[in-house]
Amino acid sequence: MKKHFLFVIALMFHVCTAFGQIADSTQYLENLKKELNTVWPKNRTINLVFHGHSVPAGYGDNHEVNTLKSYPNLFLKQLKEKYPYAVINVIVTAIGGENSLKGETRFEKEVLVHNPDVLFIDYALNDRFSPLEKTGAALEKMITTALAKNIKVILLTPSPDQRIDITDPSNPLDPYAAQIKELAIKYKTGFADPYTQFKQIAKDGKLKENMASVNHPNEVGHMVIVRTLGPWFY
């Protein structure tokens, strides 16, 4: 039954890829980019909310939390270089060990309360321990709720876990990464794909150089993620 479901998901992914597409990165945040260039007193505070698990929260080795070396804050630094007049709040609602099922239950009270201009969702790494159809439903509920409030959404594929050979197409992360892209296509949201970048890094034999622990990137690894976010804002 599980194999049949995974086959259906894979088939749906290929159909969506053939006939649909994600949002246009040059246009999706066009209005927001204008606001980021607005000078005081006509500017306003822009809220970027990062919702997910331990990676956006900045966890490293031995439960150490490297907040300022995590990709939300490294991305903020790049954004401030690009938009020197902007007031940008990076708000991290990520919780270590959480998956999208739990993240959805606190979405209204702990995420939307921050009035995001852009919402980043990063759960696929932990979602692999839960049924694909349930994580898909939870992600879809968060996406549709955000879009109904005119919040721009950027979905992220997973960063790696060194216990998994991500170069193997049959590895357990692949279906969850595919599901993220499928949802981005379905709802025409933003899509950032560090998973593909990390696959190439793994093929080059350099994955360990990007990791602080078995399943948490170091600053170099977080910058891989940052580079996948940049095209939506630059």
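Below are the figures for this structure:
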quantity: Test: residue in the range 215-222 that is without any contact (Cβ under 8 Å) to a residue 40 or more places away in the chain and either part of a helix (DSSP H, G or I) or open to solvent by 10 Å² or more (accessible area, probe 1.4 Å) (or both); calculated: yes
quantity: Selection count, the range 15-64, where residues are assigned to a helix (DSSP H, G or I) and at pLDDT below 95; calculated: 7
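The values are calculated or read from the model by the stated rules, or taken from the named source; none is laboratory data. Everything numeric here is computed off the predicted structure, so don't read it as measured data. As a convention, Cβ positions derive from the backbone with ideal geometry for all residues, glycine included, and neighbour counts pool all protein chains shown. Please note that ligands, DNA and RNA were not included when accessible areas were found on the heavy atoms of the full protein model with its side chains. Shrake-Rupley method; radii C 1.70, N 1.55, O 1.52, S 1.80 Å.
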